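The values are calculated or read from the model by the stated rules, or taken from the named source; none is laboratory data. As the structure is a computational prediction, the values presented were derived from the model and not from experiment. When we count neighbours, we look across all protein chains shown, and the Cβ atoms used for this are built from the backbone with ideal geometry, even at glycine.
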Amino acid sequence: MTSFFHAVSVFFHHLAAVHWGMLALAVACHMCKVASVSRAWRNVVAVAYPESRVRWRTMYGGYLIGVGINAIIPARAGDAVKLVVVKRRVEGATYPTLAATLVLLNLFDMVVATVLILWASVSGLLPNLHIIHRLRAFDITWLFDHPRATLTVLGLLAVAGLILTIWASRKVEEFKERVALGFVALRDRDYYLRHVVPWQAGDWLLRVVTIYFFLRAFSIPATAKNALLVQVTQGLSTIFPFSPSGIGTAQALIVYVFRDVASRTSILAFSVGMQITLISVNVVLGFIAMGIMLRSFNWRRQVEAKAAESETVEV
């Protein structure tokens, strides 16, 4: 934790050297990136509910709320909130179907992320497990330093998954039908290739372009290779979501991967600066969307109210 706060102080000491025009371009690309992936989500949900009106602004707003909450709360809490928001505005929508649509989007992301990780690994650009342990990123370090607690957490997650499976099996046919609706877009290959893949490809392209402008903003050599490497480290840092946006792990990985590219202080300023900027933008946009769509900033109350409503319906 101390190393993280040190990195933050390094970032603020480098503020005078930041190229603000490039930073603004990075933020603009990031906003376009969120719009692109929300459009892909809208198209997946629309084909699952062809008789309902699925507005892009609804999906965009819901996605912004989820991204904003995920930026400050670990364990993907924002995903639950955006499902609540969208379900309230898409007639006939159910949580299993909406969750399945997110899984469908994640399949594309997993393929692309796996290809990038394999490229970085084969190229010898990523650290091995022994080096990762020495990086002392506070979220990864916790896993290595507390093996019993880690196993306990994983065990509890496994038990929770088992309980969920048993609960779902009670209404297995209905549950399977609702989940299957979320994958309708994938079964219609022509629709999927024309209305989903291009937007998700645009999402990934904009991720790399955003990083490119961040590199330029902090005077780090901006190349396609370096931008892709940063994207790989960001992906790896969110595998275990024990810290908001995986910021501790991302910082440690980038410092190691870019050790021969620029000075440690420059890399720290870039890493933390990019993370702080993206978190700030996500939080601001997310809470603006929350205020407009929910007319409240108490997102926990919205989730609890919806859960209570679902229990009442079942009874």
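General observations
- The residues listed here are LEU23, LEU64, LEU15; of these, the one that is modelled with pLDDT under 90, out of contact with any Cys (no Cβ under 9 Å at 6 or more places or on another chain) and among the aliphatic types (A, V, I, L, M) is LEU15.
- Some residue of region 57-71 being aliphatic (A, V, I, L, M) and in a loop (DSSP other than H, G, I, E, B): no
- When VAL115, VAL122 are checked against the criterion of being within 23 Å of LEU186 (Cβ to Cβ) and without any contact (Cβ under 8 Å) to a residue 40 or more places away in the chain, a single residue qualifies: VAL115.
- Qualifying residue in region 84-107 (condition: among the small types (Gly, Ala, Ser) and either assigned to a loop (DSSP other than H, G, I, E, B) or at pLDDT below 85 (or both)): yes
- Which numbered condition GLY92 misses (of (1) at positive phi; (2) in contact with a Pro (Cβ under 8 Å, 6 or more places away or on another chain)): (2)
- Within region 61-72, one or more residues are aromatic (Phe, Trp, Tyr) and within 20 Å of ASP203 (Cβ to Cβ).
- Complete set of residues in region 250-305 that are within 23 Å of GLY61 (Cα to Cα), at pLDDT 80 or above and of a type in the set (Val, Ile, Thr): ILE276, THR277, ILE279, VAL281, VAL283, VAL284, ILE288, ILE292
- Subset of region 179-236 (residues that are among the aliphatic types (A, V, I, L, M), under 20 Å from MET22 (Cβ atoms) and surrounded by 16 or more Cβ atoms within 10 Å (Cβ to Cβ)): LEU206, VAL208, VAL209, ILE211, LEU215, ALA217, ILE220, ALA222, ALA227, LEU228, LEU229, VAL230
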